[in-house]
Amino acid sequence: MAAETYAKGLEGIIAADSSICKIDGVNGNLYYRGYSIFDLAAECSFEEVTYLLLYDELPAPTQLAGFSKKMRGSRTLAEPIIQMVRFFPTAAHPMELLQSVISYLSGYVTHHIEHSATCNCRNTLHQVAQLASVVAAHGRFRDGKEYVPPDPDLSHGANFLYMLRGSMPDPLESEIMDKCLLLHAEHGFNASTFTARVVASTLSTCYSSISSAIGSLYGSLHGGANERVMSMVQEIGGIDNVKTWVDKALSEKRKIMGMGHRVYKVKDPRAVIMERYLEQLSEFKNDYTYFEILKELEKTAGERLSGSGKTVYPNVDYFSGAVYLLLGIPPILFTPIFALARVAGWLAHILEQRSDNRIYRPRCQYIGPDALEFVPQEKR
Ligand SMILES: CC(C)(COP(=O)(O)OP(=O)(O)OC[C@H]1O[C@@H](n2cnc3c(N)ncnc32)[C@H](O)[C@@H]1OP(=O)(O)O)[C@@H](O)C(=O)NCCC(=O)NCCS
């Protein structure tokens, strides 16, 4: 019998082959299907990267045009979905809404094949296209505003901002929103992606796989760090308070939110790119408040931590919350935005899982009592 391996949380265990994403934590790079995130962010749209993730190659212009047309055509929400989103209690978290709405969506697709390894989601693009519409609609209903239908002339990021605000975003804002989605589209075998693959491995539907992945992303150890970064920035209040705040936080053994990463031992490449967007938006809005506090905090916390022999750099969440706030997006939508971007990666992993499937079935190490003598009810 093969030697048994025990790794709490499956840490360090390789559970599958994958050709979707490679993270280079030493050199600070990230690759989707072999292409560096720096090139993809510079050259591609979210739609183009979604195609790359789902079809394993960059699209030729005609392929991209056809794909974009299909994805944009799938954005419209059916009336019962709009009603579901409208009546979802605003006291609840929108991640719970997303989890439910994805399952509900499955009832409104006529041509996906249930319980089959040849699922048709790559062709319908239903979940990838509609999650953005759902989040935007929820954002409007929360503010007592009306649903705004999608605009097929806009990129995925621009359309999201348009549906959320009800007015046309500036080209720079559109570009940055679309790139933020691209940066979050995929990141290897993290908890939510693994969840999607586990559910897919039972040959359950894409809808239930993605709904489960959303539930996994909702947890505070996975999504949501950018929301906490912005709470921290509010707490700091101004650039002059940074040094005192860092000293106090570190003396209390508090973590600096948005800094540090299990895999990246240098600055997260997505943070490098996101920082540029924040600077551009700060200039566009003529408001450098967040940018200046975050840069000072990065410098001060980095120096203090390296003084204790720890190398800790910004991760993707460090600058993204400030970018979203400058785009007029409320913090409650930050994790849902993560989900509407990551759904492209989840779907790619679901398809990959199905292409060479084996149901996941790890074991636990039993540490409970053994062979107890049964005690009848009247003697307990
Ligand atoms: C992401 C995270 C859990 C990784 O933790 P990790 O794997 O333990 O990271 P490392 O092993 O590189 O940490 C080395 C040391 O730096 C410390 N450290 C890491 N991130 C830190 C941070 N953000 N603030 C202060 N100290 C930090 C660790 O506590 C550890 O100290 P120790 O040796 O005294 O225990 C951690 O960095 C963290 O909690 N960051 C803040 C939350 C966050 O941004 N999460 C989103 C991640 S995408």
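The values are calculated or read from the model by the stated rules, or taken from the named source; none is laboratory data. Note that the structure is predicted; figures quoted are calculated from it, not measured. Cβ coordinates were reconstructed from backbone atoms using ideal geometry, including for glycine residues, and neighbour counts include every protein chain displayed.
Would you point out the residue of region 260-301, among those that are within 10 Å of the ligand (Cβ to nearest atom) and at pLDDT 95 or above, that is farthest from E175 (Cα to Cα)?
The residue in question is A301.
Output the number of residues of region 302-326 satisfying the condition of being of a type outside the set (D, E), over 18 Å from the mean Cα position of the chain (by Cα) and within 13 Å of the ligand (Cβ to nearest atom).
11
So which residues in region 39-54 are in a helix (DSSP H, G or I) and either β-branched (V, I, T) or touching a residue at least 12 places away in the same chain (Cβ under 8 Å) (or both)?
Those that are in a helix (DSSP H, G or I) and either β-branched (V, I, T) or touching a residue at least 12 places away in the same chain (Cβ under 8 Å) (or both): L40, A41, F46, E47, E48, V49, T50, Y51, L52, L53, L54.
Among the numbered criteria (1) outside any helix (DSSP H, G or I); (2) within 12 Å of the ligand (Cβ to nearest atom), which one does S204 miss?
All conditions pass for S204, except number (2).
Can you name the residue in region 1-52 that is β-branched (V, I, T) and more than 30 Å from L161 (Cα to Cα) and, of all such residues, is modelled with the lowest pLDDT?
T5
Every residue, every condition in (1) closer than 30 Å to S155 by Cα; (2) outside the structural domain of T195 (by TED's automatic domain parsing); (3) buried (at least 21 other Cβ atoms within 10 Å of the Cβ), yes or no:
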{"residue": "D287", "(1), (2), (3)": "yes, yes, no"}
{"residue": "I293", "(1), (2), (3)": "no, yes, yes"}
{"residue": "E296", "(1), (2), (3)": "no, yes, no"}
{"residue": "E303", "(1), (2), (3)": "no, yes, no"}
{"residue": "S320", "(1), (2), (3)": "yes, yes, yes"}
{"residue": "A339", "(1), (2), (3)": "yes, no, yes"}
{"residue": "R342", "(1), (2), (3)": "yes, no, yes"}
{"residue": "G345", "(1), (2), (3)": "yes, no, yes"}
{"residue": "A348", "(1), (2), (3)": "yes, no, yes"}
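Among S155, S167, which is out of contact with any strand residue (DSSP E or B) (no Cβ under 9 Å at 6 or more places or on another chain), of a type in the set (S, T, N, Q) and surrounded by fewer than 18 Cβ atoms within 10 Å (Cβ to Cβ)?
Only one candidate passes the filter, namely S167.
Quick one: is Y318 among the hydroxyl-bearing types (S, T, Y), in a helix (DSSP H, G or I) and under 27 Å from R75 (Cα atoms)?
So Y318 does not fit the description; no.
Would you confirm, using the coordinates I've provided, whether S212 is touching a residue at least 12 places away in the same chain (Cβ under 8 Å) and either surrounded by fewer than 17 Cβ atoms within 10 Å (Cβ to Cβ) or away from the ligand (no atom under 16 Å from the Cβ) (or both)?
yes
Just need a number here: residues in region 288-335 that are within 17 Å of G223 (Cβ to Cβ) and aromatic (F, W, Y).
Number of matching residues: 4.
For R361, work out the one condition from (1) surrounded by 21 or more Cβ atoms within 10 Å (Cβ to Cβ); (2) without any contact (Cβ under 8 Å) to a residue 40 or more places away in the chain; (3) outside any helix (DSSP H, G or I) it doesn't fulfil.
Unmet for R361, out of (1) surrounded by 21 or more Cβ atoms within 10 Å (Cβ to Cβ); (2) without any contact (Cβ under 8 Å) to a residue 40 or more places away in the chain; (3) outside any helix (DSSP H, G or I): (1).
If you check E96 against the conditions, is it surrounded by fewer than 18 Cβ atoms within 10 Å (Cβ to Cβ), in a helix (DSSP H, G or I) and either over 23 Å from the mean Cα position of the chain (by Cα) or free of Cβ contacts under 8 Å to residues at least 40 places away in the same chain (or both)?
no
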